[in-house]
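None of the figures in this text is laboratory data; all of them are computed from the coordinates on show. For clarity, every value in this text was computed on a predicted model and none was experimentally measured. No Cβ is skipped: glycine too gets one built from the backbone with ideal geometry, and neighbour counts run over all protein chains shown.
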Amino acid sequence: MGTRDEVLLGTLEHIVLLAVLRLGSDAYGATIRDEIEQRGGRAMSFGAVYVTLQRMESKGLVRSRLGEPTAERGGRAKRFFQVTAEGRRAVRRVQEVVGAMATGLKESRGTT
Amino acid sequence: MRTHTIWATRMLSCLLRDGDGTALLGDLAEERARRMTRDSRANAARWYRRELYRSLAAVLRLRSIECVRAVPWGIVVAAYVVIGLYEFAAMWLLSRTWPEVAEWTSALRLVLEFPGIIAIAYAAATFRRSAAFILGALMLCVAGLLNIVTTETISTPYIVASLVVGPLGAVLGGLLRRRPIIVASALALLVVTGSASAQEPFRAPQELDAFAFLIGKWEGAGKTRLPDGKVVEYPITWTGHYILDGTAIADDGRGPAPDGGLAVGITFRQYDGIRKTWIIEFLSIVPTSQLFRQVYQGGGSISVQGRNVIVINAPPAGTARRIRENYLVSDNDNWVYRLDESMDGGTSWNEGRTVITLRRSK
């Protein structure tokens with residue numbers, strides 16, 4: 001199966017990583033949270049989003065940059081996030097594993 | 001902004017890395033501004049506060065989980081097990097070399113174990129630096145808990161030593177790994193000043209060593225032949241320790257009396273090096289208080305035969321009754337007390353009126 005140095009993703013990390021991938025260049029705290037809430041139906045706090053992103057950044061799955069401060073944000077800058085190649089590989093690997101594990105489950109359901 | 005909200009924002013900024021706290025608060029402000037355009041200002045402010053505290057709770061929870069996961073538990077637990085084994089080894093060694101300190105509730109024992117704890121924590125810190133500090137925190141928690149739940153009588157010095165020696169030793173071991181020169185110099189200075197300020201202990205006369213076998217806790221079984229010829233058997237505990245700066249020995253025994261009550265007595269043993277005489281006095285405390293001067297300048301004698309000691313008590317005034325106590329020491333962990341009685345001034349002896357077999361308490 002997997003190799004030893006493979007980065008493992010938690011459920012929360014997986015969801016946040018997918019949200020960042022979907023948002024592309026507009027991925028920052030507020031939009032990531034909204035994306036998860038709208039698509040996943042899961043209400044995450046801003047704190048949970050930032051801690052998860054910070055952890056993934058230390059694993060090399062995402063990278064971040066600070067934007068320009070704006071007035072509507074009280075003069076505070078946005079932190080934009082972007083998925084790295086490592087992050088994309090991790091997502092792909094999880095999707096493969098989940099797909100492989102799920103294959104055949106629907107067919108077998110109800111036959112027993 | 002309310003005071004508690006200010007504190008919450010400060011805490012969030014502290015818990016998140018540089019820039020993330022600002023970005024998070026910016027996101028909150030942005031969302032609040034958006035909500036104010038479609039809802040009331042008050043509702044937007046209420047949402048802001050609720051979301052701020054939700055974020056703080058989430059950050060605290062996730063940070064706590066990260067901290068617990070980051071702890072090198074394997075190393076910490078292994079180090080704790082090694083400290084436990086070290087304590088048993090130290091107790092075993094002390095029971096043979098310095099029995100009066102070989103007590104689980106002895107503060108001095110803990111102090112003597114201090115260097116070993118530093119060494120174990122140092123070894124743990126070589127694997128993971130934080131292990132020594134977590135070990136110290138764990139030792140502090142365990143010591144505090146044990147002091148609370150113990151049913152044994154423990155002294156204040158022991159409580160203080162248990163809360164300080166282990167945790168401090170572990171922290172010093174960790175610091176020694178990080179800053180070896182500074183910590184080693186500080187420790188050396190502490191040892192040198194401690195040795196310089198320590199007073200030379202008074203050296204008890206060597207003769208007192210004859211009774212050194214009494215030091216420690218003893219458990220045994222006694223048999224006494226009563227005047228009517230009936231033999232009673234009873235359990236007994238005997239405890240011996242040095243007193244008066246090690247110049248005398250006090251040993252007390254307790255057990256059920258032949259009448260079913262409690263018998264408790266204590267013997268004080270001292271050798272007067274100037275007068276070249278023994279002073280042995282027995283104080284019976286329960287059921288009645290009586291003081292017997294067994295050996296002193298005016299009467300009684302002691303003879304030492306190998307490891308065995310024979311005490312012939314000073315005769316009570318006006319009677320021909322004599323008491324001879326035999327302390328028959330077989331090894332460091334076993335000895336027998338045998339009391340002989342004479343009713344004719346010591347011409348003939350009724351040997352073994354009382355025989356108590358004692359074994360060192362584990």
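The table that follows gives values for the structure above.
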read-out	value
Size descriptor, Kirkwood hydrodynamic radius, that averages inverse alpha-carbon separations across chain B, Å	26.4 Å
Mean projection area, nm², convex hull over Cα of the stretch B:254-323	6.1 nm²
If the convex hull is drawn through the Cα atoms of the stretch B:61-182, its volume per residue in Å³	118 Å³
Tail fraction, Cα-Cα pairs, the protein assembly as shown, threshold 33 Å, whole percent	63 percent
Residue among B:L85, B:L24, B:L145 with the largest mean-square fluctuation in a Gaussian network model of chain B, springs linking Cα atoms under 10 Å	B:L24
Calculated FRET efficiency for the pair B:D252/B:C67, C-beta based, R₀ 56 Å, to 0.05	0.65
Förster radius 25 Å - calculated FRET efficiency between B:S361 and B:D272, Cβ distance, rounded to 0.05	0.20
Chain A: translational diffusion in µm²/s, Stokes-Einstein, Kirkwood Rh over Cα pairs, 25 °C, 0.890 mPa s	159 µm²/s
Modelled FRET efficiency - R0 60 Å, B:R46 with B:T153, Cβ distances, 0.05 increments	0.55
Once the Cα gyration tensor of the stretch B:54-124 is diagonalised, semi-axes √(5λ) in Å	38, 13, 9
The stretch B:165-292 - Rg over Rh from alpha carbon coordinates, Kirkwood radius	1.23
Set of aspartates and glutamates near A:K59 by C-alpha distance (under 13 Å), chain-local residues within fewer than 8 positions excluded	A:D5, A:E6, A:E13, A:E86
Whole-number D in µm²/s for the stretch B:214-362 (Stokes-Einstein; Kirkwood sum over Cα pairs; 25 °C, 0.890 mPa s)	153 µm²/s
